Amino acid sequence: MAHGPAKGIGRWLRATNHKDIGTMYLWFSFTMFLLGGFFAMVIRAELFEPGMQIVKPEFFNQMTTMHGLIMVFGAIMPVFVGLANWMIPMMIGAPDMALPRLNNLSFWILPFGFSLLASTLFMPGGGPNFGWTFYAPLSTTYAPPTVNFFIFGIHIIGASSIMGSINIIATILNLRAPGMTLMKMPLFVWTWLITAFLLIAVMPVLAGAVTMMLMDINFGTSFFNAAGGGDPVLFQHVFWFFGHPEVYIIIIPAFGVISAIIPTFSRKPLFGYSSMVYATAAIAFLSFIVWAHHMFTVGMPLAGELYFMYATMLIAVPTGVKVFNWITTMFRGAITYETPMLFAIAFVILFTIGGFTGLMLAIAPADIQYQDSYFVVAHFHYVMVAGALFSSTAAVYYWIPKWTGRMYNEAMGKVHFWVSFVAFNVTFFPQHFLGLAGMPRRYADYSLQFADWNMVSSIGAFAYGASQLLFLYNVIATIVAGRKISDPKVWEGAEGLEWTVPTPAPYHTFSTPPAFK
Ligand code: CU1
């Protein structure tokens with residue numbers, strides 16, 4: 001094997017540099033975002049008006065399933081791993097990630113996992129059609145034969161996440177520069193430290209769920225089969241013991257991004273740093289003990305319903321602390337509204353709306369009405385899109401000058417923001433009305449009284465989809481021909497802005513990583 005930096009494709013295949021791996025994660029994630037987004041466009045095109053027009057119901061089910069799986073596991077989780085790879089070593093003054101070869105493996109198994117998953121769409125029997133939550137017995141007894149590819153894909157994706165998390169924890173705990181104590185770390189680093197522990201705790205649970213499925217389907221066990229003495233509700237318990245912490249795995253690094261951007265553009269230090277750390281840890285702990293709020297209609301004992309209802313509502317307390325701190329950071333700050341700040345402020349507003357509808361859904365007697373309606377779809381898209389996607393978009397605008405040495409086009413960024421912001425709300429706010437009016441989720445068709453708001457929602461979705469192409473164009477234009485940040489014109493009107501939180505020494509000044517001295 002040749003030594004020294006590899007050239008051409010070898011630079012990427014054999015990458016051990018955290019920046020190259022971070023870049024690959026970001027581009028992989030954006031590719032998956034466009035693919036999952038394309039599936040969303042198919043879904044909204046079919047739902048544009050009542051009656052069947054574009055796709056068959058069977059294919060529609062595959063679209064809703066693949067949209068969810070690709071967005072959660074392919075777009076949102078990898079984008080934050082990409083940001084972690086790029087930023088964590090620089091934020092803590094480390095020369096690189098602690099386990100660079102493991103880092104390479106974590107990334108490179110992902111394209112295989114997702115190729116396996118996506119190729120099922122072209123196989124006999126079609127792709128997974130049981131929703132991204134793949135409840136048994138729909139995903140076991142009634143699944144297409146390609147479910148085995150789905151299971152293998154999930155295993156690969158899970159292994160990637162676990163390896164990535166081990167790497168992040170090892171890096172943060174061992175490679176901090178002298179003087180970088182835990183309570184001095186930028187919040188983005190803290191949020192990832194906590195997220196990595198969540199991932200290591202729950203990805204094996206997901207692996208267990210799909211392994212039990214594999215056994216039920218192929219080897220005659222009856223974990224989820226009532227006829228053989230099993231219990232389909234067990235599947236939901238196992239799935240949501242993974243699935244609820246999973247939504248925090250997605251949103252906690254987003255909190256870290258927002259906690260970096262808001263102080264910068266408010267020109268004030270973050271308000272309540274230590275309370276942010278403790279609130280994040282509290283949210284992570286609570287995320288493990290609320291899973292059955294997804295299952296209020298399975299026939300739990302009343303004591304169980306009450307416990308899961310109150311425990312879920314408790315999460316609003318540390319989340320409220322965070323929102324309070326962000327707003328207090330902005331209070332009386334010298335705020336300017338560049339693109340990252342616009343996305344960050346939109347995050348705070350829209351994520352809070354998603355949080356409030358979450359509180360509504362947490363009320364067990366009300367949830368029995370909301371269950372499986374479009375209200376739930378509206379709720380989690382406020383959290384996932386306006387939460388996770390807006391914050392990762394903000395992060396790209398915020399850090400791309402640091403990554404490329406070039407400035408993005410601010411005017412185009414602002415157009416991207418405003419079209420995204422308006423189109424997002426046009427898409428998802430009416431889905432609250434549809435849900436409250438009784439429209440169920442995951443159906444290819446609906447009755448006439450839901451026609452108007454569905455058309456509005458579809459128009460919003462097309463505009464949202466189109467505005468992401470503007471983002472893609474802006475990013476490529478920045479990399480290829482963006483104004484160099486050494487050009488003083490870039491800094492006009494940006495007095496007092498700091499693009500990095502602490503400024504660590506350039507990594508080549510370390511002869512030995514501090515931890516090994
Ligand atoms: Cu949950």
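The values are calculated or read from the model by the stated rules, or taken from the named source; none is laboratory data. Note that the structure is a prediction, hence the values are computed from the model and not measured. Glycine gets a Cβ as well: all are built from the backbone with ideal geometry, and neighbour counts include every protein chain shown.
Miscellaneous remarks
- Test result for Leu302, more than 16 Å from the ligand (Cβ to nearest atom), under 25 Å from Ser373 (Cβ atoms) and out of contact with any helix residue (DSSP H, G or I) (no Cβ under 8 Å at 6 or more places or on another chain): yes
- Among the residues of the range 18-63, the one identified as under 17 Å from Gln431 (Cβ atoms) and among the basic types (Lys, Arg) is Arg44.
- Selection count, the range 471-504, where residues are farther than 30 Å from Trp190 by Cα, modelled with pLDDT of 60 or more and assigned to a loop (DSSP other than H, G, I, E, B): 4
- Residue within the range 20-27 that is in a helix (DSSP H, G or I), within 27 Å of Leu434 (Cβ to Cβ) and at pLDDT 95 or above present: no
- Restricting attention to the range 290-312, the residues that are of a type in the set (A, V, I, L, M) and farther than 16 Å from Gly358 by Cβ total 5.
- Residue match in the range 148-161 (condition: over 16 Å from Gly74 (Cα atoms), among the aliphatic types (A, V, I, L, M), in contact with a Leu (Cβ under 7 Å, 6 or more places away or on another chain) and buried (at least 21 other Cβ atoms within 10 Å of the Cβ)): no
- Of all residues in the range 400-452, those that are among the small types (Gly, Ala, Ser) and surrounded by fewer than 16 Cβ atoms within 10 Å (Cβ to Cβ) total 6.
- Within the range 95-119, if we keep just the residues that are in contact with a Gly (Cβ under 9 Å, 6 or more places away or on another chain) and over 18 Å from Leu26 (Cα atoms), the residue that is surrounded by the most Cβ atoms within 10 Å (Cβ to Cβ) turns out to be Leu117.
- Within the span defined as the range 193-206, every residue fails to be among the aromatic types (Phe, Trp, Tyr), away from the ligand (no atom under 16 Å from the Cβ), assigned to a helix (DSSP H, G or I) and buried (at least 24 other Cβ atoms within 10 Å of the Cβ).
- Going through (1) at pLDDT below 95; (2) farther than 24 Å from Thr211 by Cα; (3) touching a Pro at 6+ places or on another chain (Cβ under 9 Å) one by one, Gly125 falls short only on (2).
- Failed item, numbered, when Gly355 is tested on (1) under 14 Å from Phe255 (Cα atoms); (2) away from the ligand (no atom under 16 Å from the Cβ); (3) free of Cβ contacts under 8 Å to residues at least 40 places away in the same chain; (4) not hydrophobic (A, V, I, L, M, F, W, C): (2)
- In the range 218-242, of all residues being part of a helix (DSSP H, G or I) and surrounded by 19 or more Cβ atoms within 10 Å (Cβ to Cβ), the one that is nearest to the ligand (Cβ to nearest atom) corresponds to Trp240.
- The single condition from (1) within 23 Å of the chain's Cα centre (by Cα); (2) more than 13 Å from the ligand (Cβ to nearest atom) that Glu246 fails is (2).
- Flag for Phe375 being away from the ligand (no atom under 13 Å from the Cβ), over 30 Å from Gly413 (Cβ atoms) and crowded, with 22+ Cβ neighbours inside 10 Å: yes
- Verdict on Ala284 being within 14 Å of the ligand (Cβ to nearest atom), touching a residue at least 40 places away in the same chain (Cβ under 8 Å) and within 16 Å of the chain's Cα centre (by Cα): yes
- Any hit, the range 267-278, residues being within 16 Å of the ligand (Cβ to nearest atom) and within 22 Å of Gly256 (Cβ to Cβ): no
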